[in-house]
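Taking it in order: structure first as structure tokens, then the write-up.
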Amino acid sequence: MEWDPQTDGFGGEPEVWADETEGFCKQTTGFCDWRNAARGCGALDPERPGSAFLPAMISEKDRAAGGNEPAIEQAAPTRRDPAAGRFIVLEGIDGAGTTSQRERLLAWLSGRGIKAHATAEPSTGPIGKLIRSFLSAAAAPLEPRAMALLFAADRRDHLQREILPLVAQGTVVLCDRYVLSSLAYQTVAGVPREVVAQANAEIRRPDLTLFFSLPVAVAAQRRAERASEVEIYDADSFQGRVAAAYEREAKALRDAGEPIAFIDAGGTREQVEAALRAALTPLLP
Ligand SMILES: Nc1ncnc2c1ncn2[C@@H]1O[C@H](COP(=O)(O)OP(=O)(O)OP(=O)(O)O)[C@@H](O)[C@H]1O
Ligand SMILES: [Mg+2]
């Protein structure tokens, strides 16, 4: 079965899309391959690092057996429901342009009469606020693993509280940063990858990740031209390592068959926006 962006579903009849909802794999002690999981739930594949970010689905059998599904899953939209919205993630190193392009996409979608909503991680919720208080370089640092867990907790809260209800109502949600950011930043901050992956194992898969690719130096130049508060991840050496980790994780995601578009973000704002629109168009209602 291949993912079909036109229908936002898979070709052929899926075997375990029991009630057509996104689900959670009960076997989350390892990495779960997206397509294999769709067939039988729980094909664990430690050789495929990108697959940790992948969705997990619960089989009809497991569901009947009383799978312990968290409330967050129940709010997930139906994949085949044409009235459902889309969950679109923008990822890229600091200064890549994700926030400004998210605003451009929001205006473009709204102009086309499509319900759209822009959001970001850390969220504006209680855990997101807490994270932001630790992001300032002026704050006392939080232990990196604790930070990674906070990001994962905020992600779940953000999904539950804001993203999934909107998607279920037919809104296109554009989210600035998601699991790929955790895999890049938190691992470079010293947290073992499997810890980050595990904390994010049971998470809603984006319908599309837009990955902004550009040289670190170009992003640094853009950041330098923008006055903002110094954050703990701002050092150039840290950003260089984050860029390498980001690239590796994005490619692993692509190799795992996830919907990800690599966007050349080094061009003008207009060029980048055109590339983003082209990647997004096939998914739109
Ligand atoms: N294509 C572009 N060409 C030139 N400058 C750009 C381009 N895209 C964004 N910028 C500028 O670069 C700066 C960083 O952009 P933006 O804030 O959107 O990046 P970001 O990826 O969201 O950064 P951060 O992750 O730090 O929030 C802004 O001043 C923005 O106006
Ligand atoms: Mg930003």
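Every read-out reported here was derived from the displayed coordinates using simple, explicitly stated rules and does not represent laboratory data. Just so it is clear, the structure is predicted and the values come from calculations on it, not from any experiment. Backbone-built Cβ (ideal geometry, glycine too); neighbour counts: all protein chains shown.
A few points about this structure:
- Loop-resident sites, region 215-285, for GluC sites (Glu not before Pro), counting at most 16 other Cβ within 10 Å (DSSP): Glu229
- Protection proxy ranking, peptides 116-127, 136-147, average beta carbon neighbours within 10 Å, highest first: 116-127, 136-147
- Here the extension length gained between Thr268 and Leu130 equals 46.2 nm, from 0.36 nm per residue of separation less the Cα-Cα distance.
- Computed E for Arg222/Ala168 - FRET, C-beta separation, R0 35 angstrom, nearest 0.05: 0.50
- Candidates per trypsin sites (Lys or Arg not before Pro) in region 196-245, loop by DSSP, up to 16 other Cβ within 10 Å: Arg226
- For Ala116, the residues whose amide H sits under 5 Å from its own are Val172, ignoring neighbours fewer than 5 places away on the same chain, with H placed 1.01 Å from N.
- Rounded to whole Hz, the Karplus (6.51, -1.76, 1.60) HN-Hα couplings of region 108-125, x for glycine and proline: 5, 4, 4, x, 8, x, 9, 5, 9, 9, 9, 8, 7, 10, x, 6, 8, x
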